[in-house]
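A short write-up of the structure that comes next.
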Amino acid sequence: ANYWGSGFNIENPGTNLFAKDLNNTFMTSAGINTTIFTPLNEKNFLIFRASADVNGIFKSISDINGKSLTVSATAIYGWKTSEKNMIGTGIARTYRAGQLIHVPVLYWNKTYNDRAGMELLLPARGHLRYNFSTSNMLQAGFELEGNQFWMNSPGFGAPDQAIYIQRGELKPRIMWDKKISGFIWLNAQVGVRSNWRFDVMNEYNGRKDSQRYFTSNLTNPMYFNI
(Lines give C-alpha, C1' and ligand atoms only; values in the text may rest on other atoms or scores of the structure.)
Protein backbone atom coordinates (compact mmCIF):
# COMPACT_ATOMS: atom_id res chain seq x y z
CA ALA A 1 0.00 0.00 0.00
CA ASN A 2 1.19 3.54 -0.64
CA TYR A 3 0.25 7.16 -0.07
CA TRP A 4 1.86 10.46 -0.96
CA GLY A 5 0.93 14.11 -1.35
CA SER A 6 2.60 16.88 -3.35
CA GLY A 7 2.06 20.60 -2.83
CA PHE A 8 2.56 23.48 -5.24
CA ASN A 9 3.45 27.13 -4.80
CA ILE A 10 2.19 29.38 -7.60
CA GLU A 11 3.21 33.00 -7.18
CA ASN A 12 0.50 35.62 -7.69
CA PRO A 13 -2.40 33.35 -8.76
CA GLY A 14 -4.65 36.42 -8.98
CA THR A 15 -8.24 35.48 -9.79
CA ASN A 16 -7.32 32.15 -11.40
CA LEU A 17 -9.45 29.60 -9.52
CA PHE A 18 -7.38 26.64 -10.69
CA ALA A 19 -4.13 28.21 -9.45
CA LYS A 20 -5.75 29.07 -6.13
CA ASP A 21 -6.97 25.49 -5.69
CA LEU A 22 -3.48 24.16 -6.38
CA ASN A 23 -2.00 26.52 -3.80
CA ASN A 24 -4.51 25.58 -1.11
CA THR A 25 -4.63 21.79 -1.53
CA PHE A 26 -2.42 18.76 -2.18
CA MET A 27 -2.09 16.52 -5.19
CA THR A 28 -2.81 13.17 -3.53
CA SER A 29 -2.25 9.57 -4.59
CA ALA A 30 -3.20 6.47 -2.56
CA GLY A 31 -3.41 2.88 -3.68
CA ILE A 32 -2.42 -0.76 -3.52
CA ASN A 33 0.00 -2.78 -5.65
CA THR A 34 1.28 -6.31 -5.98
CA THR A 35 4.17 -8.06 -7.73
CA ILE A 36 4.06 -11.78 -8.57
CA PHE A 37 7.19 -13.67 -9.63
CA THR A 38 6.60 -17.17 -11.01
CA PRO A 39 9.43 -19.47 -12.16
CA LEU A 40 8.26 -21.70 -15.02
CA ASN A 41 11.35 -23.95 -15.03
CA GLU A 42 15.09 -23.66 -14.41
CA LYS A 43 15.49 -21.00 -17.13
CA ASN A 44 12.21 -19.16 -17.68
CA PHE A 45 9.99 -17.02 -15.47
CA LEU A 46 6.99 -14.67 -15.45
CA ILE A 47 6.63 -11.36 -13.60
CA PHE A 48 3.27 -9.66 -13.19
CA ARG A 49 2.77 -6.32 -11.48
CA ALA A 50 -0.53 -4.47 -10.99
CA SER A 51 -1.59 -1.35 -9.14
CA ALA A 52 -4.82 0.57 -8.53
CA ASP A 53 -4.62 4.16 -7.33
CA VAL A 54 -6.99 6.95 -6.38
CA ASN A 55 -5.44 10.21 -7.60
CA GLY A 56 -6.74 13.71 -7.32
CA ILE A 57 -6.93 17.08 -5.65
CA PHE A 58 -9.61 16.42 -3.07
CA LYS A 59 -11.03 19.18 -0.91
CA SER A 60 -12.84 16.56 1.20
CA ILE A 61 -13.28 12.78 1.40
CA SER A 62 -16.62 13.10 -0.39
CA ASP A 63 -14.79 14.31 -3.53
CA ILE A 64 -13.27 10.85 -4.13
CA ASN A 65 -15.00 9.13 -7.06
CA GLY A 66 -14.53 6.46 -9.71
CA LYS A 67 -13.05 8.88 -12.24
CA SER A 68 -10.07 9.44 -9.96
CA LEU A 69 -9.12 5.73 -10.18
CA THR A 70 -6.25 4.62 -12.42
CA VAL A 71 -5.19 1.00 -13.03
CA SER A 72 -1.70 0.04 -14.22
CA ALA A 73 -0.19 -3.36 -15.02
CA THR A 74 3.00 -4.92 -16.39
CA ALA A 75 3.56 -8.47 -17.69
CA ILE A 76 7.06 -9.81 -18.42
CA TYR A 77 8.38 -13.11 -19.79
CA GLY A 78 12.02 -13.70 -18.94
CA TRP A 79 15.08 -15.89 -19.21
CA LYS A 80 17.58 -16.69 -16.46
CA THR A 81 20.76 -17.17 -18.47
CA SER A 82 22.94 -17.61 -15.37
CA GLU A 83 22.92 -17.04 -11.61
CA LYS A 84 24.07 -13.48 -12.30
CA ASN A 85 21.97 -12.52 -15.33
CA MET A 86 18.19 -12.30 -15.83
CA ILE A 87 16.60 -10.65 -18.87
CA GLY A 88 12.98 -10.33 -19.95
CA THR A 89 10.56 -8.43 -22.15
CA GLY A 90 6.88 -7.63 -21.99
CA ILE A 91 4.28 -4.88 -22.13
CA ALA A 92 2.97 -2.30 -19.69
CA ARG A 93 -0.18 -0.25 -19.27
CA THR A 94 1.02 2.78 -17.36
CA TYR A 95 0.38 6.39 -16.40
CA ARG A 96 4.02 7.04 -15.44
CA ALA A 97 4.45 9.75 -18.08
CA GLY A 98 1.26 11.44 -16.89
CA GLN A 99 -1.12 9.99 -19.46
CA LEU A 100 -2.28 6.48 -20.29
CA ILE A 101 0.15 4.67 -22.61
CA HIS A 102 0.85 1.06 -23.58
CA VAL A 103 4.58 0.45 -24.09
CA PRO A 104 7.00 -2.48 -24.49
CA VAL A 105 9.32 -2.98 -21.52
CA LEU A 106 12.82 -4.39 -21.06
CA TYR A 107 13.73 -6.10 -17.79
CA TRP A 108 17.42 -6.78 -17.11
CA ASN A 109 19.09 -7.60 -13.80
CA LYS A 110 22.81 -8.31 -14.03
CA THR A 111 25.49 -8.80 -11.36
CA TYR A 112 29.01 -8.05 -12.56
CA ASN A 113 30.84 -9.17 -9.42
CA ASP A 114 30.35 -9.41 -5.65
CA ARG A 115 29.97 -5.63 -5.41
CA ALA A 116 28.49 -4.16 -8.59
CA GLY A 117 25.45 -4.74 -10.77
CA MET A 118 22.54 -3.10 -12.57
CA GLU A 119 18.76 -3.29 -12.37
CA LEU A 120 16.71 -2.11 -15.37
CA LEU A 121 12.98 -1.94 -16.05
CA LEU A 122 12.96 0.35 -19.09
CA PRO A 123 11.46 2.81 -19.80
CA ALA A 124 10.23 3.11 -16.18
CA ARG A 125 13.54 3.04 -14.30
CA GLY A 126 17.18 2.00 -14.35
CA HIS A 127 19.91 1.89 -11.68
CA LEU A 128 23.53 0.89 -11.22
CA ARG A 129 24.17 -0.52 -7.75
CA TYR A 130 27.17 -1.01 -5.51
CA ASN A 131 27.00 -3.32 -2.49
CA PHE A 132 29.17 -2.35 0.46
CA SER A 133 27.78 -5.50 2.12
CA THR A 134 24.63 -7.63 2.00
CA SER A 135 22.91 -5.04 4.22
CA ASN A 136 24.30 -1.80 2.78
CA MET A 137 23.73 -0.72 -0.84
CA LEU A 138 24.18 2.42 -2.97
CA GLN A 139 22.33 2.96 -6.27
CA ALA A 140 22.46 5.67 -8.94
CA GLY A 141 19.98 6.02 -11.77
CA PHE A 142 16.55 7.37 -12.65
CA GLU A 143 12.82 6.69 -12.40
CA LEU A 144 9.96 8.02 -14.52
CA GLU A 145 7.01 8.70 -12.23
CA GLY A 146 3.56 10.20 -12.65
CA ASN A 147 -0.14 9.65 -12.90
CA GLN A 148 -3.41 11.31 -13.90
CA PHE A 149 -5.22 13.33 -11.23
CA TRP A 150 -8.92 14.20 -11.04
CA MET A 151 -9.89 17.69 -9.90
CA ASN A 152 -13.18 19.51 -9.49
CA SER A 153 -12.35 23.06 -10.56
CA PRO A 154 -14.67 25.71 -12.00
CA GLY A 155 -11.67 27.66 -13.29
CA PHE A 156 -11.91 26.23 -16.83
CA GLY A 157 -15.66 26.44 -17.36
CA ALA A 158 -16.03 22.70 -17.97
CA PRO A 159 -19.69 21.56 -17.98
CA ASP A 160 -19.23 19.26 -14.97
CA GLN A 161 -16.32 21.31 -13.58
CA ALA A 162 -14.11 18.20 -13.75
CA ILE A 163 -10.58 18.36 -15.16
CA TYR A 164 -7.66 15.91 -15.28
CA ILE A 165 -4.09 16.90 -14.50
CA GLN A 166 -1.58 14.72 -16.32
CA ARG A 167 1.57 14.94 -14.22
CA GLY A 168 4.81 13.16 -15.07
CA GLU A 169 8.35 13.70 -13.84
CA LEU A 170 11.77 12.18 -14.47
CA LYS A 171 13.84 11.68 -11.32
CA PRO A 172 17.61 11.30 -11.71
CA ARG A 173 18.66 10.20 -8.22
CA ILE A 174 21.06 8.51 -5.83
CA MET A 175 19.62 6.00 -3.33
CA TRP A 176 21.07 4.45 -0.19
CA ASP A 177 19.52 1.28 1.29
CA LYS A 178 20.55 0.15 4.77
CA LYS A 179 19.22 -2.82 6.72
CA ILE A 180 18.14 -1.75 10.21
CA SER A 181 16.85 -4.99 11.72
CA GLY A 182 15.35 -8.14 10.26
CA PHE A 183 13.21 -7.20 7.27
CA ILE A 184 13.16 -3.47 8.17
CA TRP A 185 15.24 -1.28 5.88
CA LEU A 186 16.04 2.42 5.57
CA ASN A 187 15.89 4.00 2.10
CA ALA A 188 17.23 7.53 1.55
CA GLN A 189 17.10 9.36 -1.79
CA VAL A 190 18.38 12.64 -3.20
CA GLY A 191 17.85 13.83 -6.77
CA VAL A 192 16.03 16.18 -9.11
CA ARG A 193 12.29 16.28 -9.92
CA SER A 194 12.52 17.11 -13.63
CA ASN A 195 9.20 18.15 -15.18
CA TRP A 196 8.12 15.72 -17.92
CA ARG A 197 4.48 16.73 -18.35
CA PHE A 198 1.99 18.98 -16.60
CA ASP A 199 -1.08 19.14 -18.85
CA VAL A 200 -4.63 19.93 -17.85
CA MET A 201 -7.18 17.99 -19.91
CA ASN A 202 -10.97 17.84 -20.12
CA GLU A 203 -11.17 14.07 -20.57
CA TYR A 204 -10.22 10.90 -18.71
CA ASN A 205 -8.41 8.39 -20.90
CA GLY A 206 -6.69 10.43 -23.58
CA ARG A 207 -9.05 10.16 -26.56
CA LYS A 208 -7.86 11.82 -29.74
CA ASP A 209 -10.61 14.44 -29.51
CA SER A 210 -9.71 15.40 -25.93
CA GLN A 211 -9.05 19.07 -25.25
CA ARG A 212 -5.94 20.41 -23.54
CA TYR A 213 -6.72 23.48 -21.46
CA PHE A 214 -3.07 24.33 -20.92
CA THR A 215 0.41 22.93 -20.41
CA SER A 216 2.94 24.22 -17.90
CA ASN A 217 6.72 24.14 -17.73
CA LEU A 218 7.30 23.72 -13.99
CA THR A 219 10.71 24.32 -12.47
CA ASN A 220 12.92 21.34 -11.64
CA PRO A 221 13.63 21.34 -7.88
CA MET A 222 15.98 19.07 -6.00
CA TYR A 223 14.32 16.67 -3.58
CA PHE A 224 15.17 14.26 -0.79
CA ASN A 225 13.16 11.39 0.55
CA ILE A 226 13.53 9.02 3.52
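The values are calculated or read from the model by the stated rules, or taken from the named source; none is laboratory data. Owing to the predicted nature of the structure, the values given are computational and were not obtained by experimental measurement. Cβ placement follows ideal geometry from the backbone for every residue including glycine, while neighbour counts extend to all protein chains displayed. Areas reflect the complete protein model, heavy atoms only, side chains present, ligands, DNA and RNA absent. Shrake-Rupley method; radii C 1.70, N 1.55, O 1.52, S 1.80 Å.
A few remarks follow.
- Of all lysines in the structure, the ones whose alpha carbon falls short of 16 Å from that of residue 67, not counting any fewer than 8 places away in one chain, are 59.
- Summing Lys and Arg as +1 and Asp and Glu as -1 over all other residues whose Cβ lies under 10 Å from the Cβ of residue 129 gives a net charge of -1.
- Taking all Cα pairs closer than 8 Å and separated by 6 or more residues, the relative contact order of the chain comes to 12 percent.
- The chain, accessible area per residue, ligands and nucleic acids excluded (1.4 Å, Å²): 58 Å²
- Where chymotrypsin sites (Phe, Trp or Tyr not before Pro) fall in DSSP loop in the stretch 82-159, at most 15 other Cβ within 10 Å: 112
- Structure-based [θ]222 nm, the chain - -39500 (n - 2.57) summed over DSSP H runs of at least 4, per residue, nearest 500: -1000 deg cm²/dmol
- Only Cα pairs under 8 Å and 6+ residues apart enter the sum, and on that basis the relative contact order of the stretch 26-142 stands at 15 percent.
- Across every direction, the projection of the convex hull enclosing the Cα atoms of the stretch 1-66 has a mean area of 6.9 nm².
- Length-normalised contact order of the stretch 1-45 in % [C-alpha pairs under 8 Å, at least 6 apart]: 44 percent
- For residue 80, a cut-off of 13 angstrom between C-alpha atoms picks up these aspartates and glutamates, skipping any fewer than 8 places away in its own chain: 42.
- Reachable aspartates and glutamates, given that their alpha-carbon falls under 13 Å from the alpha-carbon of residue 43 and they are not under 8 places away in the same chain: 83
- With every protein chain in place, the stretch 1-61: carbon and sulfur % of accessible area (1.4 Å): 57 percent
- With viscosity 0.692 mPa s and temperature 37 °C, the Kirkwood radius over alpha carbon pairs of the chain converts through Stokes-Einstein to a diffusion coefficient of 168 µm²/s.
- Longest DSSP-loop-exposure-free segment, trypsin sites (Lys or Arg not before Pro), the chain, at most 15 other Cβ within 10 Å: 116-206
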